[in-house]
Amino acid sequence: MRGRFAACAVLVVLGTAACGGPATVRLDTSFDQASSRVVYPSTVRGGTLRLAVTDAPVSLDPGDVGLAYEADLARLYARSLVTYAAAPGSAGLRLVPDLAESLGRPSDGGRTWTYRLRPGITYEDGTPVRARDVKYAVARSSYTAQLTHGPRDLREALAGRYWGPYLDRDLDHFTGVTTPDDHTVVFHLKRPDYDFDQLAAGPQTAPVPQAKDTRTDYEKHPMSTGPYQFARHDVGKGFTLVRNPHWHDDPNRAALPDRIEVTEKVAAADLDARLGSGVLDADLAGAGVQPATRTTILGAPAAKARADDPTTGLAHYAALSTRVRPFDNVHCRRAVQYAVDRTAVQRAYGGPTAGVPATGVLPPTVTGYQAADPYPRDLARARQELAACGRPSGFTTGLAVRGDRPGDVAAAQALRQALAGIGVDARVTALSAFQWGSTAGSPAYVHRHGLGVLIDSWATNRPTGYAFLRPLTGAVAKVNNPNLMELRDARVNRFLALGARTPDPTRRAQRWTEADRAVMATGAFVPLLTEKTVLYRPPALANAYVHPVYGMYDYAALGLRSKARTSASH
C-alpha cells in the first residue's frame, strides 16, 4: 500500500461495497463539507493525533514562522496577543482576544495600540508571562539578522530605530514597544493603522522570556503558553507534542488529543497512502493530495464525501510590466485583459477543484473582497483596445514563468494561445525558480529582456485587503521585487492610506475594495485563478473544519473518533 493511494482500502474504511465488502457506515455524501461547517463535532479528549509533512517546517520558532501551516500549528504551543475565531467560513476571519484581555485599544489617531495581558497565564514551567516577554518576542522576531523566515511587518509599522536584542540587550532602547507594567504592552506606530490587531495576531507576539532565548536553537523547544509543549523534537525528522500541565482552557483552542505526533520528510505518494489507509490523520502542510489521488477520490462518492476543496487564498496572476513597451500604454494592457480565456487557464491548473477563475485582485479570503468582472472575455473589445494603443495588428512580447511550476507553465501556454487570437505573440521564457528574484524580480532584467508579461502567485499572511495589496503595489525594489507591474498609481496609494486611517471596519474594508478596483483600472494586474486544494479526512478525524485564515484544517480544533480509527486499522 505504501507509495500510492490505496483506493480500495479507502473505500472499505468509508463503508462502501465497491471492493466487495458490506456498506456499514452511513455518511453525508456531500463534497467539501468542512469548508463551511464542523464535521463530526466533538468535545471528547484523548488519543494521539498523527500528522505528516513531505518536507520539514522551515522553523517552529513562533518568531520565525513564515508559512501558513507553521502559523496554524504554532497556535498549539504559542498564544499571541489576539487570534482568529475558532470557526469555519467567514466567522473564522473575526479577531478575538487571546493572550490579551481584549482587542487592542487605539489612541493618538491609530498610532498607539495598548494591550492588557490576561492574569494567571504562565509558561510550561509555571513561570508567569510578563509584558516584557511580549516586547522581547517582537524585538527578536523583527530586529535580528538570525530570524529571517517570518514577516517583518511589525518592524515596518513600529516607530523608532533599534539594532535588535542580539546586538543591544538593553530592551529600554527599543522604543517601538513599551511596557508600563508587567501586564501592559503598548505599540507605537510610525503612522495610523486601524488594522493593527491583524499584526498583533501573528505568532511574533507570542511571548518569549529573554533568559530562555537560545536564538536559532529556540525552535527545538519553544517555551509553551498553549495547550501543548514539546516532548521530543528531532529537527528534520519529526516531533511530539504533549499536554502542557500549566495551560488553562481558553475558547480559542479545543485541544482534544492527548498527544500529537508529526513525521517529517514523507514522500508525497506515501503520505497520500497513509491518509487512505487511516494510519495518518492529516497532511500538516495542507497542500492537498496528489493529482492521481485526487482523481481516485473524486471518482468514488464515499471517498469524495470525506474530501474538502477549500480556497487557500493563493492568487495566480499575470503582471503586465508598465515599464516595458507597449505595456506602458494602458490600452495595450486592457487588450490583454479582454483576450484572456480564464476557463482555459483553469483547465491548465487542473480544473474546477484546483481553483476558480479570478476577475479581481483580492481573493475571497480577505476583507475588502467584492466580486466584480471589469474585463469579461471579449475579443472585439480587445481588438478595439489594440487599435487605441496604436497596435491594431498586435505586437510581440516576452512572457516569463517559473519553469518548475507545471501549473504556471501550462497557464502560460493557455495565455499565449489566447493572445495569439488578437495578434499578440507572447514568447514564453521559463526561468529558474532559484533565480526568479534576480530575473523576473529585477526590473533591470525584465526591461533588458522585454518581459512584458510575468506569471506569478501571491498570498498574504493577514486576511486583509491592505496586507494583500500593499506589497504588490508598493515600492519597486531592484531585486526580489513584489511589484512586478512596477505600478506607481496615486489612486491606489490614496485608497490604501485612507483605509489605514479609517477606524470603522466596514468602511475600512470598502477602501480595500476601492483599491482593488483602482488596480484593475490600470489594466496591469491580470487575475487568473484563485487556488483551491483537495484535502482528505480519514474516518478517525473529528471536530474538523477548514480555517479560512490558513486554508487548511484548524489544528487547534481537531479531535479523534476512536471507533472509526479502530475500524480503519482493520
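The values are calculated or read from the model by the stated rules, or taken from the named source; none is laboratory data. Note that the structure is a prediction, hence the values are computed from the model and not measured. A quick note on method: Cβ atoms are made from the backbone with ideal geometry, for glycine too, and the neighbour counts reach across all protein chains shown. Calculation scope for accessible area: heavy atoms of the full protein, side chains included, ligands and nucleic acids excluded. Shrake-Rupley method; radii C 1.70, N 1.55, O 1.52, S 1.80 Å.
Listed by first and then second residue, the pairs linking a residue in region 336-361 that is open to solvent by 20 Å² or more (accessible area, probe 1.4 Å) to a residue that is among the β-branched types (Val, Ile, Thr), with Cβ atoms under 6 Å apart and 6 or more places separating them unless they lie on different chains, are THR353/VAL534; VAL356/THR530.
Residue-wise test of (1) in contact with a strand residue (DSSP E or B) (Cβ under 6 Å, 6 or more places away or on another chain); (2) of a type in the set (A, V, I, L, M, F, W, C); (3) under 28 Å from ALA354 (Cβ atoms).
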| site | (1), (2), (3) |
| --- | --- |
| VAL476 | no, yes, no |
| GLU486 | no, no, no |
| ARG494 | no, no, no |
| THR506 | no, no, no |
| ALA515 | no, yes, yes |
| PRO548 | no, no, yes |
| GLY551 | yes, no, yes |
| ASP554 | yes, no, yes |
| SER562 | no, no, no |
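Which of the numbered conditions does LEU496 fail, given that it passes all the others? Conditions: (1) under 24 Å from the mean Cα position of the chain (by Cα); (2) surrounded by fewer than 20 Cβ atoms within 10 Å (Cβ to Cβ). Exception for LEU496: condition (2). Among the residues of region 269-288, write down those that are touching a strand residue (DSSP E or B) at 6+ places or on another chain (Cβ under 9 Å), of a type in the set (A, V, I, L, M) and either over 19 Å from LEU49 (Cα atoms) or in a helix (DSSP H, G or I) (or both). Within region 269-288, LEU271, LEU275 qualify. Only one entry of ALA467, ALA540, ALA557, ALA475 meets the criterion of being surrounded by fewer than 23 Cβ atoms within 10 Å (Cβ to Cβ), touching a residue at least 60 places away in the same chain (Cβ under 8 Å) and over 26 Å from ARG381 (Cβ atoms), and that entry is ALA467. Does THR460 satisfy the condition of being among the polar types (S, T, N, Q) and open to solvent by less than 10 Å² (accessible area, probe 1.4 Å)? In short, no. Answer with yes or no whether GLN198 is over 28 Å from THR263 (Cα atoms), in contact with a Ser or Thr (Cβ under 8 Å, 6 or more places away or on another chain) and in a helix (DSSP H, G or I). So GLN198 fits the description; yes.
The residue of region 499-514 that is least open to solvent (accessible area, probe 1.4 Å), among those that are touching a residue at least 12 places away in the same chain (Cβ under 8 Å) and part of a loop (DSSP other than H, G, I, E, B), is THR502. When VAL324, VAL262 are checked against the criterion of being more than 22 Å from the chain's Cα centre (by Cα) and either buried (at least 19 other Cβ atoms within 10 Å of the Cβ) or among the aromatic types (Phe, Trp, Tyr) (or both), a single residue qualifies: VAL324.
If you filter region 82-108 down to residues that are among the hydrophobic types (A, V, I, L, M, F, W, C) and touching an Asp or Glu at 6+ places or on another chain (Cβ under 6 Å), you find that the one that is farthest from LEU558 (Cα to Cα) is LEU103. A single member of LEU51, LEU73 is part of a helix (DSSP H, G or I) and open to solvent by less than 10 Å² (accessible area, probe 1.4 Å), and it is LEU73.
The requirement of being assigned to a helix (DSSP H, G or I), out of contact with any Lys or Arg (no Cβ under 6 Å at 6 or more places or on another chain) and open to solvent by 80 Å² or more (accessible area, probe 1.4 Å) is fulfilled nowhere in region 141-154; no residue meets it.
Identification of helices (runs of 4 or more DSSP H) wholly contained in region 320-398 with 1 or more residues that are more than 25 Å from GLY450 (Cα to Cα) and modelled with pLDDT of 95 or more yields 342-349, 379-388. The single condition from (1) in contact with an Asp or Glu (Cβ under 8 Å, 6 or more places away or on another chain); (2) surrounded by fewer than 20 Cβ atoms within 10 Å (Cβ to Cβ) that ALA315 fails is (2). The set of residues in region 76-99 being part of a helix (DSSP H, G or I), of a type outside the set (A, V, I, L, M) and open to solvent by 10 Å² or more (accessible area, probe 1.4 Å) consists of GLY89, SER90.
Of the residues that make up region 171-178, is at least one over 17 Å from THR112 (Cα atoms), among the hydroxyl-bearing types (Ser, Thr, Tyr) and surrounded by fewer than 18 Cβ atoms within 10 Å (Cβ to Cβ)? No, region 171-178 contains no residue that is over 17 Å from THR112 (Cα atoms), among the hydroxyl-bearing types (Ser, Thr, Tyr) and surrounded by fewer than 18 Cβ atoms within 10 Å (Cβ to Cβ). Could you look through region 222-237, keep only residues that are of a type in the set (Gly, Ala, Ser) and at pLDDT 95 or above, and pick out the one that is most open to solvent (accessible area, probe 1.4 Å)? This residue is ALA231.
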